[in-house]
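Since every read-out is calculated from the coordinates, none of them should be taken as a lab result. Small disclaimer: the values here were computed from a predicted structure and weren't measured. Note: ideal-geometry Cβ built from the backbone for every residue, glycine included; neighbour counts use all protein chains shown.
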Amino acid sequence: MTDAPGGFASLGELEALAESKLPPEVWAYVAGGAGEETAMRANRDAFHQRTLRPRVLTGGSTIDLRTRILSQVVSAPFFLAPTAYQGLLHPDAELASARAAQAAGLLAVESTLSTRSLEEIAAATRMGPKWFQLYLQPEFAASQRLVERAEKAGYRAIVLTVDLPVLSVRDRQIGGGIAVNAAAPMGNGPDVQAPARSLGRDGVGFRLRSDASQTWQILERLRGVTALPLVVKGILTREDARAAADHGAAAVIVSNHGGRQLDGAPAALDALPEVVEELGSSVPVLFDSGVRRGGDVVTALAMGATAVGIGRPVLWALAVGGEEGVAQLLSLLRVELATVLALTGRPSVASIDRSLLGPPRW
Ligand code: FNR
Ligand code: LAC
């Protein structure tokens, strides 16, 4: 046991501690990826492959981590990625993680599949910037109602996740993880349907659920029902980045969903350059999938991301220490990020650029 705040003293010990605290089927749900988990492993390998160029004797006595994400100034260039069913990890669920984000001056993205309602989360964190992540529902009217509720409750952008038209085949979850999430409470009420492994056989081929039969026109349709900026999450190619921009996305999130969807997908980090190249400075590019350390944040920013989402580590910290655990995680990440900037001779997030990147390790 440790008397460190939140129950852990370093980022490196967090994952194993979380695993030791959780029932195996909940752990399988959080930790698992699609298929053989190739894409999930690739996310970490891609970070390990990159190097940063240390710079010394560059002067300066402060390090400024402040970042602008759309119109929002936040205290550091990372945010809480949307993750479902946080009630499986701690009784305070999304209230704990959102409060920790608010206290740290960071953006939290709340999932359609939260165990607490979006209104309850908003009421608990009036001052904290929040975005609402939308999973399209089979009926557009249900999606519309969710978006309208989010706008009314003070969320400042809609994050449309586009990489989950069907839930992927996830071997590790087959033993119980799927049942676990099916049993979790649906905080946002009857408008929300949990994503199922939703391919139905029609005798000839496979049929997709109606929320999968969408085209890019869905952005215009959402635009018609909300004034909030639309952020598209789950982009891995230049073609889809272009389509998102052409259909009015205010930002995109390069992500392979933490390796939980297409096992053949590239590491999200390896897809980042082509998206950044396609969009230039016209549309901000956010990133998630595999971010674990302060140095990873720097790497993704040096490759052109504006800010990065933290996914599984928030769930680990929530399981280990609730709100205090998430606060500790965010604090350790911030310290590590500032340390990496000091060691690479950068006074601020704004000064991070491509010249920070060194040759690959292998
Ligand atoms: C997710 N993710 C996710 N994304 C989303 O848009 N809506 C959601 O409800 C969820 N739910 C969810 C649950 C769990 C248990 C995990 C691990 C992930 C994906 C998430 O936003 C993000 O893309 C990944 O977590 C990034 O990968 P790492 O860094 O967590 O490995
Ligand atoms: C997941 C979904 C629900 O990855 O986003 O489990």
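Remarks
- Alpha-carbon centroid distance for the pair the stretch 37-60 / the stretch 282-330, whole angstrom: 14 Å
- Per-residue Karplus couplings for the stretch 118-127, computed as 6.51 cos²θ - 1.76 cosθ + 1.60 with θ equal to phi - 60°, are listed in order as 4, 5, 5, 5, 5, 5, 7, 9, 4, 8 Hz, Gly and Pro entered as x.
- Of Ala157, Ala249, Ala16, the one that fluctuates the most in a GNM where the chain has Cα springs shorter than 10 Å: Ala16
- Listed by chain and number, the lysines whose C-alpha is less than 28 Å from the C-alpha of Lys233, apart from same-chain residues fewer than 8 away, are Lys130, Lys152.
- Judged by the ratio a/c of the largest to the smallest principal axis of the C-alpha gyration tensor, the chain counts as rounded, that ratio being less than 1.5.
- Packing rank of 226-236, 131-141, where each peptide gets the mean count of other beta carbons within 10 Å, highest leading: 226-236, 131-141
- Mean Cβ count within 10 Å, highest first, over the residues of peptides 332-339, 268-275: 268-275, 332-339
- Theoretical gain in end-to-end length, Val73 to Ser351 [0.36 nm per residue, Cα-Cα removed]: 98.5 nm
- Taking amide H as placed 1.01 Å from N in the peptide plane, the amide H of Leu134 sits under 5 Å from that of Val159, Leu160, Thr161, each at least 5 places away or on another chain.
- For the stretch 19-142: rounded, prolate or oblate by the Cα gyration tensor [a/c cutoff 1.5]: oblate
- GNM result for the chain, Cα springs below 10 Å: residue of Leu286, Leu22, Leu330 fluctuating most strongly: Leu22
- Computed from phi, the 3J(HN,Hα) profile of the stretch 65-71 under the Karplus parametrisation 6.51, -1.76, 1.60 (θ = phi - 60°) reads 9, 4, 9, 9, 10, 6, 9 Hz, with x in place of Gly and Pro.
- Cα gyration tensor category, rounded, prolate or oblate, for the stretch 245-333 with a/c compared to 1.5: prolate
- Pairwise FRET efficiency - Arg238 versus Thr62, Cβ, R0 = 51 Å, nearest 0.05: 0.85
- Amide H contacts of Leu286: Val252, Ile253, Val254, Thr306, each under 5 Å away and 5 or more positions distant or on a separate chain (H built 1.01 Å from N in the peptide plane; Pro and chain starts excluded).
- Distant-in-sequence amide H partners of Ile310 (H built 1.01 Å from N, under 5 Å): Phe79, Leu80, Ala81
- Per-residue ³J(HN,Hα) for the stretch 128-133, Karplus 6.51 cos²θ - 1.76 cosθ + 1.60, θ = phi - 60°, Hz, x for Gly and Pro: x, x, 9, 10, 10, 8
- Efficiency of FRET between Ser281 and Thr51 - r from beta-carbon atoms, R0 35 angstrom, step 0.05: 0.85
- Taking the Cα atoms of the stretch 103-186, the ratio Rg/Rh between the radius of gyration and the Kirkwood radius comes to 1.01.
- A crude spin-label estimate for the pair Arg41 and Ala227, with each label 7 Å from Cα along the Cβ direction, gives 5.1 nm.
- Report note on the peptides 163-169, 108-114, 289-295: ranked by the mean count of other C-beta atoms within 10 Å, highest first, their order is 108-114, 289-295, 163-169.
- For the stretch 97-166 versus the stretch 1-17, the gap between their alpha-carbon centres in whole angstrom: 29 Å
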